[in-house]
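Every read-out reported here was derived from the displayed coordinates using simple, explicitly stated rules and does not represent laboratory data. Note that this is a predicted model, so its numbers are computed, not measured. Neighbour counts run over all protein chains shown; Cβ positions are idealised from the backbone, glycine included.
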Amino acid sequence: MTASKCIQDVSFSECESSHVGKLRLQLNCNSDCIYVLRSMVEVMTARAGMDCRQSNRVSIAVDELFANISAHAYGGKPGRVELETCIEAGVEDEQELVFDFRDYASVGWGGCIEEAAERAIDVENLCPGGLGLKLICSASDRCEHEVLSDGNHWRLIFNLNNKD
């Protein structure tokens, strides 16, 4: 374990060049970790050739998902989150920047991502619930979720061939 109360483990694999490889972290779920996540996003979006605007969109989605895991899966209590990010070939060999989050919370989210993404927002009568996930889905090209027997797996995917 490292000296930081945030980082539990770090792994850099296959880093022969700036466009190849994965970054892996095992984090304690607390607000200080957001700085580590932002650094990771900055490194990976630079490797992916994203501009500042695209990098900011990735950062927003990653920050919000991590905050949701902390607040909802772990209820604001300490918990372990494993994060892996890589650039990989997607559908039809399009390049994608992928962020995989794995938590070990006893609560599995049972909602529908598509419903959260399409939920209409009544700006006159805002209420909590689902707005963060809508933001995540809006900022990413694809958001996936799987309930595991001992936690959750979330995947954020950002298409690198279409940088609009």
| task | For region 36-155, build the convex hull from the C-alpha positions and give me its volume per residue in Å³. | result | 122
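Find how much the distance from Ile60 to Glu94 grows on full extension, using 0.36 nm per residue of separation minus their present alpha carbon separation; answer in nm with one decimal. Display every interim value, and only then the final one.
Details: separation 34, 0.36 × 34 = 12.24 nm, distance 2.27 nm.
Contour length minus the Cα-Cα distance gives 10.0 nm.
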| field | Estimated FRET transfer efficiency when R0 is 22 angstrom, pair Asn30-Cys52 (beta carbons, to 0.05) | value | 0.20
| Tally Lys and Arg at +1 and Asp and Glu at -1 over the other residues with C-beta under 15 Å from the C-beta of Leu131: what net charge comes out? | -4
| query | Once the Cβ-Cβ distance between Asn159 and Lys77 is put in as r, and R0 is 35 Å, what FRET efficiency do you end up with, to the nearest 0.05? | reply | 0.50
| said: Just to be sure I understand the model, the point goes 7 Å from the Cα along the line to the Cβ. What's the resulting Cys112 to Leu148 distance in nm? | reply: 2.6
